[in-house]
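Okay, structure first, notes after.
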Amino acid sequence: MKGTLKANNAKPSLLLFTTHKCASTYTSKIIKELSEAEAYKVVDIEAYLALTERAVPDFYHHKDHLKLLDKPKGFFIGPLRYFADFEFLKKYKIVLVLRDPRDVLTSYYYSKLYSHIVINKKFKAEREYYKNHTIDEFVIEMLPEIKQRYQQFIRYILPLKNCINLPYELLVTDFQCWLQSLSEFTALNNEKALSKLKSEANFKVKKEDKFSQIRNITPGDYKNKLQKKTIRILNESLKEVLETLNYHVD
């Protein structure tokens, strides 16, 4: 990787930090199209790791691995769905896209059990393990992992001056505003690419289908899927995270 990837321009590189079920693939596609229109190189390290069945968090814990991604000029690297402790974070322009973690946990259940394609043996084993879980059991079991990811993003990414926070909820309720903010921050302003993205954007779901990757995009869906007891547990455990990110605590 280090010897073959070379930038075609001298603009600051871009990082997309997000997590699963925050429209991470879609937001990555948006930035990819905008950046490629301006001759950026694109690196989707997590797609590569999934194909090789290497654990993403383990990769990010090795600084020698992260040095391979030390590309401060002319690259778009993402989506990064876990915190990666780059020593050179301040060299990049960073886009952070997060969603209400209660909705993330709810959506994660349907993805793990129904909609996501089986990409490797690890994923297949996880689907087999969770198939007898209720959605509430799944959410409670996954809570510590998702909470940790959010805490790391809040502690290490959100405060950075070279970071913009563009919430999932803004993406699906006011795409024009979301895209304009992204374009202004990143200086990715190719008119043809922007126009194409605007014309293709569609955030309507006619009927919920648990086997569809776009099952339900409406903020607050967790209220319709989880038991009140489960919601109370989430609210208590995630209180600081929710308040920091300006999500309502019931």
Review point. Mind checking which pairs have a first residue in region 15-26 that is under 15 Å from residue 164 (Cα atoms) and a second that is of a type in the set (Lys, Arg) and in a loop (DSSP other than H, G, I, E, B), Cβ under 9 Å, 6 or more apart or different chains?
Key: 17/81; 18/81; 18/99
Review point. Taking interchain pairs and intrachain pairs at least six residues apart, which have beta carbon atoms under 8 angstrom, with the first residue in region 237-250 and closer than 20 Å to residue 142 by Cβ and the second surrounded by fewer than 16 Cβ atoms within 10 Å (Cβ to Cβ) and among the polar types (S, T, N, Q)?
Key: 241/151; 242/235; 249/235; 250/235
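Please pick out the residue among 88, 17 that is over 15 Å from the mean Cα position of the chain (by Cα) and at pLDDT 80 or above.
On the way: 17 fails: over 15 Å from the mean Cα position of the chain (by Cα).
None of the others qualify; the one that does is 88.
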Point to revise | Residue, surrounded by the most Cβ atoms within 10 Å (Cβ to Cβ), within region 146-160, restricted to residues that are more than 17 Å from residue 20 (Cβ to Cβ) and free of Cβ contacts under 8 Å to residues at least 40 places away in the same chain | key: 155
Check your understanding: Within region 170-188, is there a residue that is more than 18 Å from residue 29 (Cα to Cα) and buried (at least 16 other Cβ atoms within 10 Å of the Cβ)?
Key -> no
Review point. Which condition number does residue 50 fail, the rest of (1) within 16 Å of the chain's Cα centre (by Cα); (2) in contact (Cβ under 8 Å) with a residue 40 or more places away in the chain; (3) surrounded by 17 or more Cβ atoms within 10 Å (Cβ to Cβ); (4) part of a helix (DSSP H, G or I) being met?
Key: (3)
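Taking the conditions exactly as written (closer than 18 Å to residue 83 by Cα, in contact with a strand residue (DSSP E or B) (Cβ under 9 Å, 6 or more places away or on another chain) and surrounded by 18 or more Cβ atoms within 10 Å (Cβ to Cβ)), does residue 143 satisfy them or not? Can you show your working first?
On the way: closer than 18 Å to residue 83 by Cα: yes; in contact with a strand residue (DSSP E or B) (Cβ under 9 Å, 6 or more places away or on another chain): no; surrounded by 18 or more Cβ atoms within 10 Å (Cβ to Cβ): yes.
No, not satisfied.
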Point to revise | Per-region count, region 33-45, residues more than 19 Å from residue 183 (Cα to Cα) and in contact with a Ser or Thr (Cβ under 9 Å, 6 or more places away or on another chain) | key: 1
Exercise for review: Might you check whether a residue that is surrounded by 16 or more Cβ atoms within 10 Å (Cβ to Cβ) and farther than 24 Å from residue 187 by Cα occurs anywhere in region 25-41?
Suggested key: no
Study note, to complete from the structure: Subset of region 37-85, residues in contact with a strand residue (DSSP E or B) (Cβ under 8 Å, 6 or more places away or on another chain), over 21 Å from residue 21 (Cβ atoms) and not charged (D, E, K, R), comes to 40, 42, 43, 69, 72, 74, 75, 76
Review point. In region 125-135, how many are of a type outside the set (A, V, I, L, M) and at pLDDT 75 or above?
Key: 4
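Considering every residue within region 138-156, establish whether at least one is under 22 Å from residue 227 (Cα atoms), assigned to a loop (DSSP other than H, G, I, E, B) and modelled with pLDDT under 95.
Step one: of region 138-156, the residues under 22 Å from residue 227 (Cα atoms) are 138-147.
The next check asks that each one be assigned to a loop (DSSP other than H, G, I, E, B); those that pass are none.
No, region 138-156 contains no residue that is under 22 Å from residue 227 (Cα atoms), assigned to a loop (DSSP other than H, G, I, E, B) and modelled with pLDDT under 95.
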Review point. When you scan region 80-103, how many residues do you find that are of a type in the set (Val, Ile, Thr) and over 12 Å from residue 245 (Cβ atoms)?
Key: 2
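Quick check, is residue 112 modelled with pLDDT under 90 and either over 23 Å from residue 140 (Cα atoms) or of a type in the set (Asp, Glu) (or both)?
Values: modelled with pLDDT under 90: yes; either over 23 Å from residue 140 (Cα atoms) or of a type in the set (Asp, Glu) (or both): no.
Judged against the criteria, residue 112 is not a match.
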Exercise for review: Would you mention how many residues in region 87-114 are touching a residue at least 60 places away in the same chain (Cβ under 8 Å) and assigned to a loop (DSSP other than H, G, I, E, B)?
Suggested key: 5
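The values are calculated or read from the model by the stated rules, or taken from the named source; none is laboratory data. Source: prediction; values computed, not measured. Because the Cβ atoms are built from the backbone with ideal geometry, glycine has one as well, and the counts that use them run over all protein chains shown.
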